[in-house]
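Novice: For reference, the structure I am asking about is given below.
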Amino acid sequence: METTKPNTYTIQSELLQEMNKEQGLDDCLESVRSLFRFKWELEPCLKQLSVDEDGDLIVQRSPFSKSITIEHINRTSLNMVGMQVWRSALLMGDFILDNRHIFTNDQVVLELGSGVGLTGIVTAMCCKEVIFTDINNKDILSTIEKNINLNKDLIISCTTVIPLNFNESQLPDALRKKLPKVNIIIAADVIYDNDITEHFVNTLKKIMSIPPRKIAYIGMEKRYVFSSIDLEVCAPCFEYFSELLTQNNDWCQVELLDCNFSQYFQYRKVKELVIFKLTANNYM
């Protein structure tokens, strides 16, 4: 963390620190564009299928490199961290690309806290429709729109951008109208402040109470600190989120997924990256 003027602190994503070091990018407070490269596999063509000596199918897949262009800010104040790209966004991107049997072209997916839109754009490469949401704060929503346009050659989905503030008691009408078609919810890097986390969980409860039955995938990174009170190392944001999910937990089933799936994006996939799977308990 650094300060640019008295009492004004800025913070930078570890992912961007790694990228800046490797690519020699400027460590600035202004908008920049970065390429997030990933490995893509073509679906096999039926005409190219053959069998081995045991009669088993030999599936030929052709991996090749593509990239998503994202406009973001390299370094921000804490209240604008959504304008950066964090590691969990790429973890969720890996998860989506590795589970295309879940994220199919008939699914409508809602993303909460879209930030600059990277994870939603990955989803929009696979699904029928993606609904991007974030707080209507400064340039966040317009940046999402801009990044969708920058990657329109990759996107097959219909896309919608809707303002959503976790602090508000009512869901926006535009979002509420979309929810009866939503089965999957995704979010990445929204767990970093206890107050925001509490409002996020409350918003998630409201959304997941609306039929049809919904499943949410929440990606985050455990960030460890030393607690002077407990005299031990802990991950307070992760622990607080886990605690909220277990309190009055009649609204969803909670599962911590195994993250040893294939890596498609180029980044350092650390062991602290996790994905929660939440399944709504309504059966409508």
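What follows is calculated from the coordinates using simple rules that are stated; it is not laboratory data. Note that the structure is a prediction, hence the values are computed from the model and not measured. Counting neighbours? That spans all protein chains shown, and the Cβs are built from the backbone with ideal geometry, glycine included.
Novice: Determine which lysines satisfy two conditions relative to Lys178: a Cα distance under 25 Å, and not lying fewer than 8 residues away in the same chain.
Specialist: Lys128, Lys138, Lys146, Lys152, Lys205, Lys206, Lys214, Lys277
Novice: How much net charge surrounds Phe265 when only the other residues with a Cβ under 13 Å from the Cβ of Phe265 are counted, with Lys and Arg +1 and Asp and Glu -1?
Specialist: Once all neighbours under 13 Å are counted, the net charge is +3.
Novice: Over all directions, average the projected area of the Cα convex hull of the range 205-279 and note it in nm².
Specialist: 6.8 nm²
Novice: Could you give the length gained on full extension between Ser142 and Trp251, defined as 0.36 nm per residue of separation minus the Cα-Cα distance, in nm?
Specialist: Between Ser142 and Trp251, full extension yields an extra 35.9 nm.
Novice: Report the extension gain between Asp106 and Cys158 in nm, rounded to one decimal, defined as 0.36 nm multiplied by the number of residues separating them, less their alpha carbon distance.
Specialist: 17.6 nm
Novice: With each pseudo-label sitting 7 Å past Cα toward Cβ, what's the Asn183-Arg33 distance in nm, one decimal?
Specialist: With each label point 7 Å from Cα toward Cβ, the separation is 3.6 nm.
Novice: Still on this structure: When Lys and Arg each count +1 and Asp and Glu each count -1, what net charge do the other residues less than 13 Å away from Ala188, Cβ to Cβ, add up to?
Specialist: Net charge around Ala188: -4.
Novice: Which values of log₁₀ I(q)/I(0), to two decimal places, follow from the Debye formula for the range 236-284 at q = 0.17, 0.27, 0.29 Å⁻¹ with a uniform point scatterer at every Cα?
Specialist: Evaluating at q = 0.17, 0.27, 0.29 Å⁻¹ gives log10 I(q)/I(0) of -0.66, -1.07, -1.15.
Novice: Sticking with this one: For the ranges 109-115, 139-145, what's the packing order if you count other beta-carbon atoms within 10 Å of each residue, average per peptide, and put the highest first?
Specialist: Ranked from most to least packed, the peptides come out as 109-115, 139-145.
Novice: Now, a different point. Highest mean first, what order results for 234-247, 78-91, 155-168 on Cβ atoms within 10 Å?
Specialist: 78-91, 155-168, 234-247
Novice: Turning to a different aspect of this structure: On a full-extension model of 0.36 nm per residue, what is the gain between Glu14 and Ser242, subtracting their alpha-carbon distance, rounded to one decimal in nm?
Specialist: 79.8 nm
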